[in-house]
Amino acid sequence: MHLRKLFVVAAASLCVGAGAMAQTDAATPAQPDASTGAPAKPSKKKKKSGKKKSSKKSSRKKKSSAPAAAAPAPEPQVPDDGEPPQLTHQFVAAGVRGKPLTIAAHAIDANGVFGPILSVRKKGLGAGDYVPIKMAPSKIVPGDYSVDVPAALTNVDALEYYIEAWDIAGNGPARAGSADQPIAVTLDEEKKVAATPAIPTTVTIKPKGAPPAITHAALTQALKGKPVEINARLVGDTGVQGAVVMFRHAGDKEYKALPMGNIGGDDYTATIPAAMTTSDLEYYVEAFDQYGNGPARSGAPNVPYALRIMDPAPAAVPAPAPVALGAQKRTLDEEPERTIIGLGIDGGAPGGGGVTLLVRPLWWLRLNGGLAYNAIGFGYRGGITLAPADWAVTPTLNLDAGRYLSGDMTKFVTISDPTERAMLSKTTYTFATAQLGLEFGSQRRFSFYLRGGVTYVFSTLSGADITAIAAAHNGDPNNTFTVGDAKVSAIAPCASLGFNIFVY
Amino acid sequence: MRNLKIIALLLLPLLGCFAQIEDQSVALSHNLCGGATNCMPGALPLGLIQISGQNTFTVNFGDQPLLQPSSSLGPATLNTSLILNGAGVRLQSSASGDFKNVATISLLAAPAATTDCSASGSNCTLLADYDRNRDGTADQSIALRGHDVDLISYISTTSHSVQLQFQATGTGPGNTWNADVSMDMALKARANFP
């Protein structure tokens, strides 16, 4: 038992030393077992050697310990199960060149686990070029081990590795990969990291941490020939790393990477150079945490933000201030079922009926314009409707104005006098209406409504026509009438009903 | 009680509702002598100006629409006003002379054809007047300043006419004369709801 302990201590020391030596260590043992100092099954030869070391150790203990320590305290006896540890590992197929590469594994054994030992080499080197690195146990999850392959080792095109683990009794090794069939890791440039394809094994190894959360107010416009500053707030419990703005000219295929710099707290920024703002751009923001989790993105390669490059005349329009997702203002613009164009048909008194085109620039605002008919004649009209909610029954405020052209009022007024008939047969008038209403249905598709309010009607009667009427009723030939234009106005109650249907 | 409240609520939109017609320029011109003849003697000191021997002259508006003090218009009542903004007297011919020696002249509404408005208790209403010192010397025409009197109440609802009288001081035109009397009025007819 003491012998095995000594082997473990020696192997651990070797592992740490070997890791520090990195890949230039030409003295790396050719045999993984030997290089890692893995505990071997007890043998007579090794027992002797072990006895020597044990006696030295015992003598040192004697110098500093109580006499009772001269006789080693009995250790808890765990029966040797004769089995190597159960080792599971999620293969790592890709990494970032020049960045630490985290490799994790899970190993358990009733006798306790020695290692695991990660052996890594540059792809293409010989079997003796593996660098052993001891994996560190997790302080949180028993059985989890991980190690960061130093950045100095990842500045190559590809790595190969395998993992071995023993139990304390020396059983093993259990392997993930092997010296002859190592696991290949492709190391790409930082911005071209592909999502690590996971080869599922019996146990899912959760990566440490999580990608940072990105809050970014998308820019929509910028000035041609001017630099564009792109800001984002990156918040991650496990740090932020590799924050970049990926951008390209609209129509290009490849993105260019623009590292973002920390400007204090969680705020990061990057500036697209003025030389690049020659035509419309597309971009997105991405970042990893320090363990490589991610990327977290605002925008995406296939759905980037469109940044329209304007001529210098108009000022750049800043994007709205970033807001938390839950506090975002509700607009139809952000809704998938947004509809902005529709048709309205209504009828009422005294306004008559109409067919109008509806346009909704804002979810709470509708504009309408179209034709009107009220049996006297045709006209045109337009207006706005405020619908401050999107409920099944929505209150509305409607303001309309319009003009009826050359209507024949004599359809409704019985007049025998030909001069009066002549005047009223070509009545034109302007109107303005204010109505409160209730709309039933969907503001996005179809709604039926009832409205009531007041209407203001204004018209001008020709002075010549009125003069003719006065002359016709003149009771004295010595009289002469001259009448100017008369203004006719009225404010009257009105009501209407109709429906709106939005089609686009 | 509840029903009354509902009815009142339903009628609420009617508050302030109205219909009206407004004409700020209704001019009526009337020839005093009823033709081209000069019916007034010249160079006479002016007092009550008699026309064809009558103290008053009659202006018949005719049976004009709206020229009723009030009339029903569906559920509403149509109220009409005809405000006299001003009046004028214009010589028909310059051969008659001029009005330079007219000191004052007043246009009055008289209750009867025989009324002399200069008499006390005549119950005449001053419609418009001219004062040479105030308005300047007249020549071929005299402009009388209106007193915003509503003529509607003076127009007979049966004959549609009004009796008018001129009271003047000074001296009239040197020769026989005739003149056109014009009245500039503002018509407003309004029906309020309910």
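Whenever a residue of the range A:258-271 is assigned by TED's automatic domain parsing to the domain that holds A:Val228, its partners that are in a loop (DSSP other than H, G, I, E, B) and not basic (Lys, Arg), lying with C-beta atoms within less than 8 angstrom and at least six residues away or across chains, give the pairs A:Asn262/A:Val240; A:Asp266/A:Val240; A:Tyr268/A:Val240; A:Tyr268/A:Met260; A:Thr269/A:Met260; A:Thr269/A:Ile263; A:Ala270/A:Met260; A:Thr271/A:Pro227.
Got a sec? Which strands (runs of 3 or more DSSP E) wholly within the range A:408-504 have at least 3 residues that are facing chain B (nearest Cβ under 10 Å) and more than 30 Å from A:Ala392 (Cβ to Cβ)?
Details: elements: A:427-441, A:446-461, A:479-483, A:486-502.
Correct list: A:446-461, A:479-483, A:486-502.
Annotation: of all residues in the range A:349-370 being over 45 Å from the mean Cα position of the chain (by Cα) and on the phi < 0 side of the Ramachandran plot, the one that is modelled with the highest pLDDT is A:Gly353. In the set B:Ser141, B:Ser159, only one residue is among the small types (Gly, Ala, Ser), within 12 Å of chain A (Cβ to nearest Cβ) and more than 30 Å from A:Ala492 (Cβ to Cβ); that residue is B:Ser159.
Taken over the range B:53-77, the criterion of being among the small types (Gly, Ala, Ser), in a loop (DSSP other than H, G, I, E, B), touching a strand residue (DSSP E or B) at 6+ places or on another chain (Cβ under 9 Å) and closer than 22 Å to B:Ser161 by Cα is satisfied by B:Gly62 alone. Considering (1) farther than 16 Å from B:Leu28 by Cβ; (2) within 14 Å of another protein chain (Cβ to nearest Cβ), the lone condition that B:Asp184 does not fulfil carries the number (1).
Remark: pairs (first residue in the range B:22-37, more than 7 Å from chain A (Cβ to nearest Cβ); second residue of a type in the set (Gly, Ala, Ser); Cβ separation under 9 Å; 6+ apart in sequence or on different chains) = B:Leu32/B:Ser52; B:Leu32/B:Ala179; B:Cys33/B:Ser52; B:Cys33/B:Ala179; B:Ala36/B:Ser93.
If you go through the range B:102-112 one residue at a time, do you hit one that is under 17 Å from B:Ile142 (Cβ atoms) and touching a Cys at 6+ places or on another chain (Cβ under 6 Å)? Give the derivation first.
Step one: list which residues in the range B:102-112 are under 17 Å from B:Ile142 (Cβ atoms), which gives B:102-108.
From what's left, touching a Cys at 6+ places or on another chain (Cβ under 6 Å): B:108.
Looking through the range B:102-112, at least one residue is under 17 Å from B:Ile142 (Cβ atoms) and touching a Cys at 6+ places or on another chain (Cβ under 6 Å).
Filtering the range B:94-136 to residues that are closer than 16 Å to B:Leu46 by Cα and among the polar types (S, T, N, Q) leaves B:Ser96, B:Asn101, B:Thr104, B:Ser106, B:Ser118.
Just give me the residues in the range A:284-342 being at pLDDT below 80 and charged (D, E, K, R), in sequence order. Break it down into steps so the answer makes sense when it comes.
Of the range A:284-342, the ones at pLDDT below 80 are A:312-338.
Residues satisfying the conditions are A:Lys329, A:Arg330, A:Asp333, A:Glu334, A:Glu335, A:Glu337, A:Arg338.
Among residues of the range B:52-77 that are free of Cβ contacts under 8 Å to residues at least 40 places away in the same chain and closer than 22 Å to A:Ile466 by Cα, those with a beta-carbon under 7 Å from a residue that is exposed (fewer than 15 other Cβ atoms within 10 Å of the Cβ) and not hydrophobic (A, V, I, L, M, F, W, C) at least six positions away or on a different chain give the pairs B:Ser70/B:Thr77.
Filtering the range A:352-387 to residues that are assigned to a loop (DSSP other than H, G, I, E, B) and without any contact (Cβ under 8 Å) to a residue 60 or more places away in the chain leaves A:Gly352, A:Trp364, A:Asn374, A:Ala375, A:Ile376, A:Gly377, A:Ala387.
Please state which one of A:Lys487, A:Lys411, A:Lys426 is among the charged types (D, E, K, R), modelled with pLDDT of 90 or more and surrounded by fewer than 20 Cβ atoms within 10 Å (Cβ to Cβ).
Values: A:Lys411 fails: modelled with pLDDT of 90 or more; A:Lys426 fails: modelled with pLDDT of 90 or more.
Of the residues listed, the single one that is among the charged types (D, E, K, R), modelled with pLDDT of 90 or more and surrounded by fewer than 20 Cβ atoms within 10 Å (Cβ to Cβ) is A:Lys487.
A:Asn171 is checked against (1) under 27 Å from A:Ala243 (Cβ atoms); (2) surrounded by 15 or more Cβ atoms within 10 Å (Cβ to Cβ) and fails just one. What number does that condition carry? Single failed check for A:Asn171: (1).
Of the residues making up the range B:134-149, just one is basic (Lys, Arg) and either within 15 Å of the chain's Cα centre (by Cα) or part of a strand (DSSP E or B) (or both), namely B:Arg145.
Of everything in the range B:40-64 that's within 12 Å of another protein chain (Cβ to nearest Cβ) and crowded, with 17+ Cβ neighbours inside 10 Å, which residue is modelled with the lowest pLDDT? Result: B:Gln64.
Would you check if A:Phe431 is in the same structural domain as A:Leu450 (by TED's automatic domain parsing), crowded, with 20+ Cβ neighbours inside 10 Å and touching a residue at least 12 places away in the same chain (Cβ under 8 Å)? Working first, answer last.
Numbers: in the same structural domain as A:Leu450 (by TED's automatic domain parsing): yes; crowded, with 20+ Cβ neighbours inside 10 Å: yes; touching a residue at least 12 places away in the same chain (Cβ under 8 Å): yes.
So A:Phe431 fits the description; yes.
Hey, any hits in the range A:372-379 for a residue that's touching a Lys or Arg at 6+ places or on another chain (Cβ under 6 Å) and either of a type in the set (Gly, Ala, Ser) or assigned by TED's automatic domain parsing to the domain that holds A:Gly453 (or both)? The answer is yes, given that some residue of the range A:372-379 is touching a Lys or Arg at 6+ places or on another chain (Cβ under 6 Å) and either of a type in the set (Gly, Ala, Ser) or assigned by TED's automatic domain parsing to the domain that holds A:Gly453 (or both). Look at the range B:150-176: where a residue is in a loop (DSSP other than H, G, I, E, B) and a partner is of a type in the set (D, E, K, R), sitting 6+ places away or on another chain with Cβ atoms under 7 Å, you get B:His160/B:Asp63; B:Pro173/B:Asp98. Filtered by the rule that a residue be touching a helix residue (DSSP H, G or I) at 6+ places or on another chain (Cβ under 7 Å) and closer than 23 Å to B:Pro111 by Cα, the range B:25-66 gives a lone residue, B:Gln64. Here B:Thr157 clears all of (1) touching a strand residue (DSSP E or B) at 6+ places or on another chain (Cβ under 7 Å); (2) within 25 Å of B:Thr114 (Cβ to Cβ) except the condition numbered (1).
Here the condition is being surrounded by 20 or more Cβ atoms within 10 Å (Cβ to Cβ) and on the phi > 0 side of the Ramachandran plot; of A:Gly98, A:Gly115, it holds for A:Gly115 alone.
The values are calculated or read from the model by the stated rules, or taken from the named source; none is laboratory data. Every value quoted in this text rests on a predicted model; they were computed, and no experiment measured them. Every residue, glycine among them, receives a Cβ derived from its backbone with ideal geometry; neighbour counts consider all protein chains shown.
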